[in-house]
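Written out below as structure tokens is the structure these notes cover.
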Amino acid sequence: MKILAADDQKMILTAISNNLKETNYDLITAIDGDEAIRLFESESPDLLILDINMPKKSGFDVIKHVRQNAQSSVPIIVMTGADDEETLAKAYTLGADDFIEKPVGINKLIFRIQKLLLQPINSITDESVIKSQTIDKHMVGVVIPCYNEALRIKKSEFFSYIDQNPGYHLCFVNDGSTDNTLEVLNQLVVERPDNISVYDCAVNGGKAEAVRQGMLHLASDSEFNFIGFLDADLSTDLSDFDGLVQTLAKSDFKMVNGSRIARMGANIHKDGARQIISKTINLIIRNILGMPFQDTQCGAKVMTPQIAKIVFENKFLTRWLFDVEIFLRLKKKFGLDKSVAMLCEQPLKRWVHEDGSKLSMKDSIKIFGQLMQIAVSYR
């Protein structure tokens, strides 16, 4: 049987396709309403899965065409991130047969398809087909800077997360590594081409430039609702990072910053020497910023693409303290009160310092001078 799925986010279509191809269904996809109507006319699908907010023509327009112009009774599932009653009522009034709000488990979607096609529910018994995957309402791009990380890439952890969360795309930025990091990263792409990509910087420019290049690369893709960055050693894990994403998605904030401030129930661990230096640096940063944030330097941040384009447009002054500059650029652009209102600092549940950090104790000492440079430049 043939199913037509229409959604303007290709990652969602890929997630549906990857799962339905293991069933009896043939899937055809469209990325806008116009294409959906053309494919409906030429392919005569047995069922439609439609997003509402699509370019050119909306999901509502497609339903109208199918029901009014084509006079077809083909089953239609509306699958959308919109959860208001007005959207629900309009979809059913126009002739939708089912309404599914994202996020939705892939099994739930398959069972709804079976019901509308009058097939036995749970007819899929092959364990390789049964999935715990979730189709989310938001597409998230994550930049992961890598410099000589070949031995520290936690492949199984990355794979495990994206296999269950297909709305995530990991963009590994190779920062001119001198070991075989690029080879390792390219192999990740071979194994998970839909959810992993590599942005290669031929020359080492430091973490700040690697993150900047990766963020601008993702911000140029309209696929993503939110983009952020994370350290390759997963000192902050992806599930905790998703907590930042959920806060951003459910609020009016434009950026959410992870915080390593110790709190009850959290697993926050730093080695002794680094903790002393970190507290001193943090005190200086807070004085420079003049903003009520406790930990600007955590390597886990998520923001809207619009904000990313603002804060990453120009090169940073230093290789390591770009986080401070991010806050200062927002403060300069929007003013103190507005920038504070658009930012959220969220404590992490877990953060562990991993051995092999590229920031040496000597570099840590240099930071004091670099902070003075930043303070003068952004005055």
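The values are calculated or read from the model by the stated rules, or taken from the named source; none is laboratory data. Just so it is clear, the structure is predicted and the values come from calculations on it, not from any experiment. Because the Cβ atoms are built from the backbone with ideal geometry, glycine has one as well, and the counts that use them run over all protein chains shown.
The figures follow:
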read-out: Pair list, Cβ under 6 Å, 6 or more apart: segment 73-84 residue over 15 Å from Lys2 (Cα atoms), other residue in a strand (DSSP E or B); value: Val78/Leu50; Val78/Phe99; Met79/Ile49; Met79/Ile100; Asp83/Glu101
read-out: Residue in segment 352-359 that is within 27 Å of Phe253 (Cα to Cα), surrounded by fewer than 20 Cβ atoms within 10 Å (Cβ to Cβ) and at pLDDT below 95 present; value: yes
read-out: From the options Gly141, Gly167, residue that is at pLDDT below 95 and within 17 Å of Leu230 (Cα to Cα); value: Gly167
read-out: Single residue of Thr93, Thr87 found to be among the hydroxyl-bearing types (Ser, Thr, Tyr), closer than 28 Å to Ser222 by Cβ and modelled with pLDDT of 95 or more; value: Thr87
read-out: Segment 62-90, residues that are assigned to a helix (DSSP H, G or I) and over 18 Å from Asp8 (Cα atoms); value: Lys64, His65, Val66, Arg67, Gln68, Asn69, Glu85, Glu86, Leu88, Ala89, Lys90
read-out: Matching residues in segment 83-102 - criterion: being buried (at least 18 other Cβ atoms within 10 Å of the Cβ) and either closer than 11 Å to Phe60 by Cβ or of a type in the set (A, V, I, L, M) (or both); value: Thr87, Ala91, Leu94, Ala96
read-out: Sole residue being closer than 20 Å to Lys309 by Cβ and of a type in the set (Gly, Ala, Ser), chosen from Gly167, Gly228, Gly176; value: Gly228
read-out: Pair list, Cβ < 8 Å and 6+ apart or interchain, from segment 327-338 residues that are within 18 Å of Val302 (Cα to Cα) to residues that are part of a helix (DSSP H, G or I) and polar (S, T, N, Q); value: Phe327/Ser339; Leu330/Ser339; Lys331/Ser339
read-out: Filtered residues of segment 9-24 (kept if surrounded by fewer than 19 Cβ atoms within 10 Å (Cβ to Cβ) and not charged (D, E, K, R)); value: Thr14, Ser17, Asn18, Thr23, Asn24
read-out: Qualifying residue in segment 200-208 (condition: under 13 Å from the mean Cα position of the chain (by Cα) and without any contact (Cβ under 8 Å) to a residue 60 or more places away in the chain); value: no
read-out: Candidate set from segment 25-55 (those that are among the small types (Gly, Ala, Ser) and touching a Leu at 6+ places or on another chain (Cβ under 9 Å)); member that is surrounded by the fewest Cβ atoms within 10 Å (Cβ to Cβ); value: Ala30
read-out: Leu27 vs. criteria in contact with a strand residue (DSSP E or B) (Cβ under 7 Å, 6 or more places away or on another chain), free of Cβ contacts under 8 Å to residues at least 40 places away in the same chain and not polar (S, T, N, Q); value: yes
read-out: Single match in Asp34, Asp98 (criterion: modelled with pLDDT of 95 or more and under 14 Å from Asp7 (Cα atoms)); value: Asp34
read-out: Every pair of residues 6+ apart whose Cβ atoms lie under 8 Å, when the first sits in segment 98-122 and is more than 17 Å from Gly167 (Cα to Cα) while the second is surrounded by fewer than 14 Cβ atoms within 10 Å (Cβ to Cβ) and hydrophobic (A, V, I, L, M, F, W, C); value: Phe111/Ile121; Gln114/Ile121; Lys115/Ile121; Leu117/Met1
read-out: Filter result for Gln346 (part of a strand (DSSP E or B) and modelled with pLDDT of 90 or more); value: yes
read-out: Candidates Thr178, Thr134, filtered to the one that is among the β-branched types (Val, Ile, Thr), touching a helix residue (DSSP H, G or I) at 6+ places or on another chain (Cβ under 9 Å) and surrounded by fewer than 20 Cβ atoms within 10 Å (Cβ to Cβ); value: Thr134
read-out: In segment 155-206, the residues that are under 29 Å from Thr80 (Cα atoms) and among the small types (Gly, Ala, Ser); value: Ser160, Gly167, Ser197
